[in-house]
Amino acid sequence: MTFKRGLFLCLDGLDGSGKSTQCRLLADWLRAQGRTVTLCYEPGSTALGEQLRAIVLQHQHPVCLPAEALLFMASRAQLVADVIRPALAEGQTIVCDRFELSTIVYQGHAGGLDLQQLREVGRLATGELEPDLTLVLDLPLEQARARRDRPADRLESRDEAYHQRVREGFLAEAHRRPDRIKVLDASATTEAVQTLIREEVTRVLATGPWA
Ligand code: TYD
């Protein structure tokens, strides 16, 4: 079944916030309502994106901060072109695990790159496409760290202060765009957090041209 206009949903947040599980549960729920859903994640989800993911997340090469930001942006540009725009054009619902907000927060707020410049490169990468709704899964750093179930990648191994700036960056960006970015408390159980997510998505579905 397709709808009047595709809906672009994004989940974002700290590593260990449970985004990936929540994305899958959200996609299952939307499909059960008869929607055609494309689930994707960043960096990755395209052939180019998977190669860039390996470069940027593994510990093999030194990657300076502007290069890091541009690699994430390049992966995003390909994802938008190959997956997100075509699916939206068919009226599908997109559930994306991270998007431009991650670069603004990790490489900008936490890394120190200029936010305005990053937003401009972001416009180039996405062709100014932005999610209709981004849900930021927020929880204390210690809890996020405790939930991580595998060895840290290159970014996850950055220090506590970096991840604290990531958390604060998400909150600041949500404050700046309250119409598009909502913060949810992700410290509860998986089921309770999924309920909060579904409430927000239900609210958006009731208001937009996709209703
Ligand atoms: P992700 O695959 O979401 O990690 P996980 O599956 O562990 O939640 O993201 C990998 C890492 O890349 C994560 O530490 C966040 C970081 N990242 C950025 O720094 N900038 C970006 O633009 C994106 C998309 C991710």
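The values are calculated or read from the model by the stated rules, or taken from the named source; none is laboratory data. Given the structure is predicted, the values throughout are model-derived calculations rather than measurements. Cβ: placed from backbone, ideal geometry, glycine included. Neighbour counts: every protein chain shown.
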Worksheet, complete the sentence: Out of (1) within 14 Å of the ligand (Cβ to nearest atom); (2) assigned to a helix (DSSP H, G or I); (3) more than 19 Å from CYS10 (Cα to Cα), the one GLY112 does not meet is (2)
Worksheet item: For VAL56, are the conditions met, namely being crowded, with 18+ Cβ neighbours inside 10 Å, in a helix (DSSP H, G or I) and at pLDDT below 95?
Response: yes
Worksheet entry | Residue identified as surrounded by fewer than 17 Cβ atoms within 10 Å (Cβ to Cβ), over 20 Å from LEU155 (Cα atoms) and either of a type in the set (Gly, Ala, Ser) or free of Cβ contacts under 8 Å to residues at least 40 places away in the same chain (or both) among ALA89, ALA67 | ALA89
Discussion item. Residue under question is GLU191, and the condition is that it be under 20 Å from TRP29 (Cα atoms) and exposed (fewer than 11 other Cβ atoms within 10 Å of the Cβ); does it hold?
Written reply: yes
Item to complete: Could you tell me whether the range 44-66 includes any residue that is touching a Phe, Trp or Tyr at 6+ places or on another chain (Cβ under 8 Å) and among the polar types (S, T, N, Q)?
Response: no
Worksheet entry | Selected residue (only one of VAL121, VAL136, VAL166 is within 10 Å of the ligand (Cβ to nearest atom) and β-branched (Val, Ile, Thr)) | VAL166
Worksheet item: Which one of these is modelled with pLDDT of 95 or more and within 14 Å of the chain's Cα centre (by Cα): GLN51, GLN22?
Response: GLN22
Discussion item. So, in the range 1-23, how many residues would count as being over 16 Å from LEU184 (Cβ atoms), among the hydrophobic types (A, V, I, L, M, F, W, C) and within 15 Å of the ligand (Cβ to nearest atom)?
Written reply: 0
Item to complete: Scan the range 38-53 residue by residue and report those that are within 9 Å of the ligand (Cβ to nearest atom) and either part of a loop (DSSP other than H, G, I, E, B) or of a type in the set (D, E, K, R) (or both).
Response: GLU42, PRO43, GLY44, ARG53
Worksheet item: Just checking, how many residues over the range 59-106 are out of contact with any Ser or Thr (no Cβ under 9 Å at 6 or more places or on another chain), more than 8 Å from the ligand (Cβ to nearest atom) and either outside any helix (DSSP H, G or I) or on the phi > 0 side of the Ramachandran plot (or both)?
Response: 5
Discussion item. Among the residues of the range 24-37, are any under 25 Å from LEU139 (Cα atoms), within 13 Å of the ligand (Cβ to nearest atom), of a type outside the set (Val, Ile, Thr) and crowded, with 19+ Cβ neighbours inside 10 Å?
Written reply: no
Worksheet item: In the range 142-160, what count of residues is obtained for those that are loosely packed, with under 12 Cβ neighbours inside 10 Å and either within 15 Å of the ligand (Cβ to nearest atom) or closer than 18 Å to PRO131 by Cβ (or both)?
Response: 7
Worksheet entry | Filtered residue count, the range 116-149, keeping only those that are within 25 Å of GLU200 (Cβ to Cβ) and without any contact (Cβ under 8 Å) to a residue 60 or more places away in the chain | 5
